[in-house]
Amino acid sequence: MSPTPPPSISSASTAPVSTLAEQERSKRQERASSGGRYDAMLRLFKFGLPIAVGALVAVLVLAPLFNNDEVSFVLAKDKVEVAKERMRATDAMYRGEDNKGQPFTLQAGSAVQQTSANPVVDMQQLAAKIWLTDGAASLTAAQGLYDMKAETVDIPGQILFTSDKGYSLTLANALVDLNNQTLQGRGTVSGTMPMGTFSGSGLSADLDKQTVQLADGVQGTLNIGSYSANRLYADNKSRTVVLEGNAKLQIKQGALKR
């Protein structure tokens, strides 16, 4: 019995293996070649990945704005009317001139103006000085509303007015017109002049002319005695007093001499 010869590998069995290797190599070359699917995938990651990261950052930044049911708005600056805060000053002083060019000053321990569009200044511890044709006068009050446009001071409380010409007024609730140098009282008033005293209500005073008019409940004293009337007109410059309406004058004994 002769020995069995060893098996031999024929070229027919190696052909399929070689063909498969060539096909696999061709696929890899195709994937690596420009314009292939691998190249397209790289381009997708190159541009898509930064966009995805940016979107994630935007979500993280904006997420707190929508928590707790709150919504925030950002408005264009040129389309928003900014609310002006009220303006406050201490030891404030305002200077001006009346329609005759005569100066006046207003001082306040504190002054508050609600807005620049509102000309009214709320002044506390008010002290005013008014220059007149032939002298000066001063006015003090605990509070006053100064209208810078109308040049008036509305004083709800007690007022003390004094002039260096020898007359004074004490009253409450009045309007001072700095431009026209007048004083209008809405309550009772009392005053003094070199020729006597007076009291009543419905005051109308011309500070520069030094005249006083009272419209009701007039009474007072003169050098010659006491008086009462419905109305009074007094002129400090000419030293005259005119009583009207139920006027009564009680002359002191010996006041009139021949």
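The values are calculated or read from the model by the stated rules, or taken from the named source; none is laboratory data. Just so it is clear, the structure is predicted and the values come from calculations on it, not from any experiment. FYI the Cβ positions are ideal-geometry reconstructions off the backbone, even for glycines, and counts take in every protein chain you see. Only protein heavy atoms, including side chains, enter the accessible area calculation; ligands, DNA and RNA are left aside. Shrake-Rupley method; radii C 1.70, N 1.55, O 1.52, S 1.80 Å.
Criterion applied to 142, 108 was being at negative phi, loosely packed, with under 15 Cβ neighbours inside 10 Å, in a strand (DSSP E or B) and not basic (Lys, Arg), and the one residue passing it is 142.
Against the list (1) acidic (Asp, Glu); (2) at pLDDT 90 or above; (3) more than 17 Å from residue 213 (Cβ to Cβ), the condition residue 177 fails is (3).
Looking only at residues in the stretch 164-191 that are touching a residue at least 40 places away in the same chain (Cβ under 8 Å) and open to solvent by 20 Å² or more (accessible area, probe 1.4 Å), the one that is farthest from residue 238 (Cα to Cα) is 179. Close Cβ contacts (under 8 Å, 6 or more residues apart or on different chains) running from residues in the stretch 228-251 that are under 16 Å from residue 207 (Cα atoms) to residues that are among the polar types (S, T, N, Q) and assigned to a loop (DSSP other than H, G, I, E, B) comprise 235/210; 236/210; 237/210.
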